């Protein structure tokens, strides 16, 4: 009987991840950017230009009362280094807070790496907007691209599912692997 205990423990640990992936996680290309993401619902991306002429791709979809969204920016003037790229990421998130009518923020959690890639920087935050939606946001950069992934809902966010989505951004170099 003791030999079954580790196997049962392993199954109990892996079961939630298997359930999440079996619920329709799909790889979606972000138009012609070279970036992609893993999402539970299909996003259609609009393409536009920012004030500095960087290309901006934005899309959203809704699944089970949660809105999932992605903003991907192909930077026309990449910063000189990753510290400057992370500063740009903070400035963009500050801009988005205003655009999304965010009234409360937990504060930026820095030090994240996309797929443990040392050449990336990531920032995490939790927000609340003027309509009482709960937001979880994770933004990524490699200096050439910015990816902002977010999920929001009036209800409590399904943390495990949202985490899979927020970690699902892929930049062109990561797509080749």
- Note on the structure: Cβ pairs under 7 Å, 6+ apart or interchain, first in the stretch 29-41 and at positive phi, second buried (at least 17 other Cβ atoms within 10 Å of the Cβ), ordered by first then second residue, are 31/45; 31/57
- Message: Test of understanding: among 68, 108, 150, which residue is in contact with a helix residue (DSSP H, G or I) (Cβ under 7 Å, 6 or more places away or on another chain) and within 20 Å of residue 25 (Cβ to Cβ)?
- Response: 68
- Item | Odd one out for residue 115, checked against (1) surrounded by 12 or more Cβ atoms within 10 Å (Cβ to Cβ); (2) closer than 22 Å to residue 29 by Cα; (3) modelled with pLDDT of 95 or more | (3)
- Residue count for the stretch 26-37, restricted to those that are crowded, with 16+ Cβ neighbours inside 10 Å and farther than 18 Å from residue 144 by Cβ: 1
- Task: Scan the stretch 125-153 for residues that are more than 20 Å from residue 171 (Cα to Cα) and touching a strand residue (DSSP E or B) at 6+ places or on another chain (Cβ under 7 Å) and report the count.
- Result: 12
- For the stretch 64-77, how many residues meet the condition of being surrounded by 12 or more Cβ atoms within 10 Å (Cβ to Cβ) and within 26 Å of residue 159 (Cα to Cα)? 8
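Table: residues versus (1) crowded, with 18+ Cβ neighbours inside 10 Å; (2) free of Cβ contacts under 8 Å to residues at least 24 places away in the same chain.
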{"site": "62", "(1), (2)": "no, yes"}
{"site": "79", "(1), (2)": "no, no"}
{"site": "85", "(1), (2)": "yes, no"}
{"site": "90", "(1), (2)": "no, no"}
{"site": "108", "(1), (2)": "no, yes"}
{"site": "121", "(1), (2)": "yes, no"}
{"site": "128", "(1), (2)": "no, no"}
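The values are calculated or read from the model by the stated rules, or taken from the named source; none is laboratory data. Just so it is clear, the structure is predicted and the values come from calculations on it, not from any experiment. So basically every Cβ, Gly included, is an ideal-geometry build from the backbone, and we count neighbours across all protein chains shown.
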